[in-house]
Amino acid sequence: MTVLRKNLIDGEWLGEAGSPNINPSNTNDVVGEYASAGPEEAKQAIAAAKAAFPAWSRSGPLARHAVLKKTSDEIMARKDEIGRSLAREEGKTLAEGVGETIRAAQLFDFFAGETLRLSGEMVPSVRPSVGVEMTREGVGVVGIITPWNFPIAIPAWKIAPALAYGNTIVFKPAELVPESAWTIVDILHRAELPKGVLNLVMGKGSVVGQAMLDSPDVNAISFTGSVGTGKRVAAASVEHMRKFQLEMGGKNPLVVLDDADLAVAVDCAVNGAYFSTGQRCTASSRLIVTEAIHDRFVDAIKERLDKLVIGDALDAKTQIGPVVDQTQLKQDEDYIAVGRQEGAELAFGGDRLERETPGFYLQPALFVGSTNAMRISREEIFGPVANVIRVNDYDEALAVANDTPFGLTSGICTTSLKHATHFKRNSEAGMVMVNLPTAGVDFHVPFGGRKGSSYGPREQGRYAMEFYTTVKTAYTFAG
Ligand code: ADP
């Protein structure tokens, strides 16, 4: 029997079956049925969050700590089961699904701790006998809109700080991965979050998401997704004079210099470009490689790609799962065709693969002989597709790395302290990796990018406070 998951509005599970959730490793497998909210339910959810804000924002650290800690503990205790269900609905491998679930638990744990470390400042006024206090308060109703590629980690890194700093939430997850979203909300709800503090509205972005964008009662929106939708969030938020934070695409460069340790460089490239089926905004899709190491690097990558096990996400042997759905698969294949038309050479992969079950399997693709001007170098593909750009030296590599409309992550593989140091200082990205994959970040430090990748304050770590709080400056004359 298929499970029916409902929306959570003002502490009540509501809604009828709307849309099925399909396993991309086996399209005959229906993960569950999910309620699909309309604009009216979105409005009810926003009203509930608004009504719950005064009490929750004054609830004090212990109440918030208890909910966040309980949530972290339950996610951790159920990591295998939740990780498996995540892999089933999204298509990343079991190991990646469990790893992401552990990450969600760590994020709730981190922000549980932050509730006990809230602080302010007190300074003397320039006027005698007057004191000035600077404190932080919750912003109000926060709209959280998330994508499908990290079904539990991204909701966790937005919901945990939003709650920790006293906000109430209307959460709209991506249509493709409602089970992970529902699970996290169910856990928080059972952790005795007061009604209305967290509301779940599953449904279409153009309906539920748009209703959140259009509401004057949503005080802040944290969004991760495409550049196109991000721009809509920005425009609507300016219209309503609300705070907003956007995490969007990437076209992240990995520079490999002649003096790199080849094994390290190949590990970084294969992991960064292809793991999680290349469906990470931090994926390294541009491999910028200097002359002398170029051919050895390309040969070694091809050898590794040939050995990768591509298959059902739930099979423990699988290293690369399927693409998330038919639309994304078509986008990947279209870009592979574009790369060929532009004159890049497809050195490996790019074909559809047949497996025992019907699914969206694609062989990882590697282009060589590409230039940075090609569309495959400039536009985010969001699949297991990377291209090698050959350059003469470090200076050219840096210039090519920075010549992009995006700026989320960047990486360099080198044994030269001089080049590593120069790259860290001069790379136009929010996060820079030396001898590490461009994807794969810590949860206790800021996450975010520059240029077309991100807008607004950083996410995660203590920096998350910038978005989820507003500063109050209070003056007191004590006589
Ligand atoms: P992706 O290509 O990763 O699916 P989207 O930007 O389309 O990126 O989706 C990211 C999130 O934004 C999803 O939860 C989606 O439902 C939501 N979304 C899509 N369109 C809108 C919209 N008009 N208003 C608000 N949210 C939207």
Looking only at residues that are among the charged types (D, E, K, R) and part of a helix (DSSP H, G or I) in the range 87-104, which one is surrounded by the fewest Cβ atoms within 10 Å (Cβ to Cβ)? 103
How many residues does the range 1-36 contain that are in a loop (DSSP other than H, G, I, E, B) and closer than 22 Å to residue 324 by Cβ? 5
Among residues of the range 329-347, those that are open to solvent by 30 Å² or more (accessible area, probe 1.4 Å) and either among the hydrophobic types (A, V, I, L, M, F, W, C) or assigned to a loop (DSSP other than H, G, I, E, B) (or both), counted: 4
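Can you work out which of the residues in the range 123-134 that are assigned to a strand (DSSP E or B) and loosely packed, with under 15 Cβ neighbours inside 10 Å is nearest to the chain's Cα centre (by Cα)?
For the range 123-134, the residue satisfying everything is 134.
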Return yes when residue 150 is open to solvent by 20 Å² or more (accessible area, probe 1.4 Å), within 30 Å of residue 329 (Cβ to Cβ), in contact (Cβ under 8 Å) with a residue 12 or more places away in the chain and within 16 Å of the ligand (Cβ to nearest atom) and no when it is not. yes
Please go through the range 183-206 and give me each residue that is within 14 Å of the ligand (Cβ to nearest atom) and either surrounded by 24 or more Cβ atoms within 10 Å (Cβ to Cβ) or over 30 Å from residue 279 (Cα atoms) (or both), ordered by number. 200, 201, 202, 203
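Conditions tested, residue by residue: (1) in contact with a helix residue (DSSP H, G or I) (Cβ under 9 Å, 6 or more places away or on another chain); (2) closer than 30 Å to residue 118 by Cα.
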position	(1), (2)
405	yes, no
410	yes, no
421	no, no
428	yes, no
438	yes, no
449	no, yes
461	yes, yes
470	no, yes
Considering only the range 179-186, I want to know if a residue exists there that is among the charged types (D, E, K, R) and in a loop (DSSP other than H, G, I, E, B). no
Residue 468 meets each of (1) in contact (Cβ under 8 Å) with a residue 24 or more places away in the chain; (2) open to solvent by 10 Å² or more (accessible area, probe 1.4 Å) with one exception, condition (2)
Taking the range 215-231 and keeping only residues that are near the ligand (Cβ under 9 Å from one of its atoms), part of a loop (DSSP other than H, G, I, E, B) and either of a type in the set (Phe, Trp, Tyr) or open to solvent by 50 Å² or more (accessible area, probe 1.4 Å) (or both), one is left with 226
Using beta carbons and a limit of 8 Å, which pairs, at least six apart or on different chains, have the first residue in the range 95-107 and within 14 Å of residue 440 (Cα to Cα) and the second one open to solvent by 40 Å² or more (accessible area, probe 1.4 Å) and at pLDDT below 95? none
Within the range 53-74, restricting attention to residues that are part of a loop (DSSP other than H, G, I, E, B) and not charged (D, E, K, R), which residue is least open to solvent (accessible area, probe 1.4 Å)? 60
If I go through the range 232-248 residue by residue, how many of them are within 11 Å of the ligand (Cβ to nearest atom), open to solvent by 60 Å² or more (accessible area, probe 1.4 Å) and over 19 Å from residue 148 (Cβ atoms)? 1
Determine which single condition residue 160 fails, assuming it passes every other condition in (1) more than 11 Å from the ligand (Cβ to nearest atom); (2) crowded, with 24+ Cβ neighbours inside 10 Å; (3) in a strand (DSSP E or B); (4) not basic (Lys, Arg). (3)
Can you name the residue in the range 284-323 that is open to solvent by less than 60 Å² (accessible area, probe 1.4 Å) and among the polar types (S, T, N, Q) and, of all such residues, is nearest to residue 31 (Cα to Cα)? 318
Would it be correct to say that residue 143 is away from the ligand (no atom under 15 Å from the Cβ) and not hydrophobic (A, V, I, L, M, F, W, C)? no
Taking the range 401-437 as the region of interest, how many residues are more than 25 Å from the chain's Cα centre (by Cα) and open to solvent by less than 20 Å² (accessible area, probe 1.4 Å)? 2
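The values are calculated or read from the model by the stated rules, or taken from the named source; none is laboratory data. Keep in mind the model is a prediction, meaning the values are calculated, not measured. Cβ atoms come from the backbone with ideal geometry, glycine included; neighbour counts cover every protein chain shown. Just the protein is used for accessible areas: all its heavy atoms, side chains included, with ligands, DNA and RNA removed. Shrake-Rupley method; radii C 1.70, N 1.55, O 1.52, S 1.80 Å.
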